[in-house]
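Have a look at the structure below, then the notes.
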Amino acid sequence: MRFTELSVQEYDAFAKNHANRCFLNAASAFEMKRANGFDIAYVGVKNDADQIVAASGIAFVPFKRIFTYAYCQRGYLIDYEDDTLLRFFHEHLVAFCKKRRAVYITCDPFVIYRERDHNGELVEHGEDHSHIVQALKQLGYHHHGFTTGFMENEQVRWSFVLDLSDHTAESLLKQMDHQTRWCVNKTLKQGIKVRELSLDELPLFMKMLDYAAETRNFQKLPLAYYEQRMRCLKENAKAVLAYLDTKDYIARMQVQRKKEEEQLAEIEAVLQENGNSKKYQKKRNVQLEAIETAKRREQEARVLQQEHGDTIALAGAFFIRYEDTLTYVSAGAYDAFRTYNGPYAIHWYMMQYALEEGIKRYDFYGISGKFDEQAADYGVFQFKQGFGGVVEEYVGVFDFPIKKSLYSMFQ
């Protein structure tokens, strides 16, 4: 085996086919860091047949002016089960980073810690990579712990992921919970539309994200982050908008009201012959209520049209595709229009896109890892959970001190 620097092309080809890959350790992610002024390197181990068997991208982050720390974003692309390979890679990586004046190395492997189910409960006899944590500790890494919540300067440790393998649109809709399926169907009935935003339209998405950050009290990434990703990733970065076409919605409600009135006429005809039928009296009451609902919704839409125009933005979201995974990075929605279920329309639209593209993993991304009703993000967790999927818990963040005194000072 030999440790060597890799070209971006070599690294990219290896990363795309590795089991532990994600959009954060893609070559494109590191190249965007390079564009932002970071020193980037790609390193790996090649076997005797000159084949890459381990690799990592490294961003050297300036520290105290003359030093750096080495961030191997989303961990090493390596078989962590191979102790010999892991130690060989680690020792040479330390020597490589030391030459770059790195005080320490930090990595956050995209590796599941212990398998969990739909509700976040541990799966009996499920996948367990706790030994990987111990292997890194034995090499001298400091583990940040099995954290819950959202850490400001760390990648998410918990995620919610839906496996799309062997699914069709019909089976996907069927496996959703009742409330989620009802909300999706409601958006279809109401004609809520979804479209992709161009780079120039990103401020429209950011306006919704600003609103969400303010009302939900979370920190957001700046406009430049999303602009850069759309420029670099092109069709693999998607900003999408769910909106209400008030003209179309009014027309739909008029058609719906007419349909309900026709059904009422049929019921009235039966009651003329048999006015004592409790079954049809009940049907008549239900039908009258349906007509009033259609009238009310039509009137509400006319008011919205007068106040906001023919097109009303409901919700927006940003997605990144990397190979067979589509990741839901961030989103915002206006509370004033929540009855139109814009976020549900967005996910249904993007899930169908994923199915058409043969994408296997639909990653709803970060959750806190707290599954009780007192958790700040419990409502968000329930929203994601309703579409189906499982909780993924990753092994966490590890630091390896190269200059121990400076590392301690930094901490």
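Here are a few things to note about the model shown:
- Among the residues examined, Gly126 qualifies as out of contact with any helix residue (DSSP H, G or I) (no Cβ under 9 Å at 6 or more places or on another chain), of a type in the set (Gly, Ala, Ser) and without any contact (Cβ under 8 Å) to a residue 40 or more places away in the chain.
- Failed item, numbered, when Asp108 is tested on (1) charged (D, E, K, R); (2) surrounded by fewer than 19 Cβ atoms within 10 Å (Cβ to Cβ); (3) closer than 25 Å to Tyr362 by Cβ: (2)
- Against the test of being at positive phi and either out of contact with any strand residue (DSSP E or B) (no Cβ under 9 Å at 6 or more places or on another chain) or aliphatic (A, V, I, L, M) (or both), the options Gly389, Gly309, Gly396 yield a single qualifying residue, Gly309.
- Checking the stated criteria, Val240 turns out to be under 38 Å from the mean Cα position of the chain (by Cα) and not basic (Lys, Arg).
- Looking only at segment 356-381, and only at residues there that are charged (D, E, K, R) and open to solvent by 50 Å² or more (accessible area, probe 1.4 Å), the one that is nearest to Phe150 (Cα to Cα): Lys370
Residues are listed down the side, and each one gets a yes or a no for (1) outside any helix (DSSP H, G or I); (2) under 30 Å from Glu201 (Cα atoms); (3) touching a strand residue (DSSP E or B) at 6+ places or on another chain (Cβ under 9 Å):
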residue: Gln263; (1), (2), (3): no, no, no
residue: Val270; (1), (2), (3): no, no, no
residue: Gly275; (1), (2), (3): yes, no, no
residue: Gln281; (1), (2), (3): no, no, no
residue: Arg302; (1), (2), (3): no, yes, no
residue: Ala315; (1), (2), (3): yes, yes, yes
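- Top-ranked residue in segment 274-323 [being among the aliphatic types (A, V, I, L, M) and either at pLDDT below 95 or open to solvent by 60 Å² or more (accessible area, probe 1.4 Å) (or both); ranked as farthest from the chain's Cα centre (by Cα)]: Leu288
- Of the residues making up segment 233-273, just one is modelled with pLDDT under 90, out of contact with any helix residue (DSSP H, G or I) (no Cβ under 8 Å at 6 or more places or on another chain), open to solvent by less than 80 Å² (accessible area, probe 1.4 Å) and closer than 29 Å to Ala301 by Cα, namely Ala265.
- Selection of segment 147-162 for residues being charged (D, E, K, R) and either over 19 Å from the mean Cα position of the chain (by Cα) or surrounded by 13 or more Cβ atoms within 10 Å (Cβ to Cβ) (or both) yields Glu154, Arg157.
- Scanning segment 77-90 for residues that are within 12 Å of Ile132 (Cα to Cα) and among the aromatic types (Phe, Trp, Tyr) returns a single hit, Tyr80.
- Filter pass, Ser165 being loosely packed, with under 13 Cβ neighbours inside 10 Å and either of a type in the set (S, T, N, Q) or closer than 30 Å to Arg297 by Cα (or both): yes
- Scanning segment 278-337 for residues that are closer than 30 Å to Asp12 by Cβ and among the hydrophobic types (A, V, I, L, M, F, W, C) yields Ala317, Phe318, Phe319, Ile320, Leu326, Val329, Ala331.
- Which numbered condition Ala336 fails, given (1) without any contact (Cβ under 8 Å) to a residue 60 or more places away in the chain; (2) open to solvent by less than 80 Å² (accessible area, probe 1.4 Å); (3) aliphatic (A, V, I, L, M): (2)
- Looking only at segment 176-210, residues that are closer than 29 Å to Thr293 by Cβ and either without any contact (Cβ under 8 Å) to a residue 60 or more places away in the chain or surrounded by fewer than 17 Cβ atoms within 10 Å (Cβ to Cβ) (or both) come to 11 in all.
The values are calculated or read from the model by the stated rules, or taken from the named source; none is laboratory data. These numbers were taken from a predicted model, which means no experiment stands behind them. Because the Cβ atoms are built from the backbone with ideal geometry, glycine has one as well, and the counts that use them run over all protein chains shown. Remember, those area values only see protein heavy atoms, side chains included, never the ligands or the DNA or RNA. Shrake-Rupley method; radii C 1.70, N 1.55, O 1.52, S 1.80 Å.
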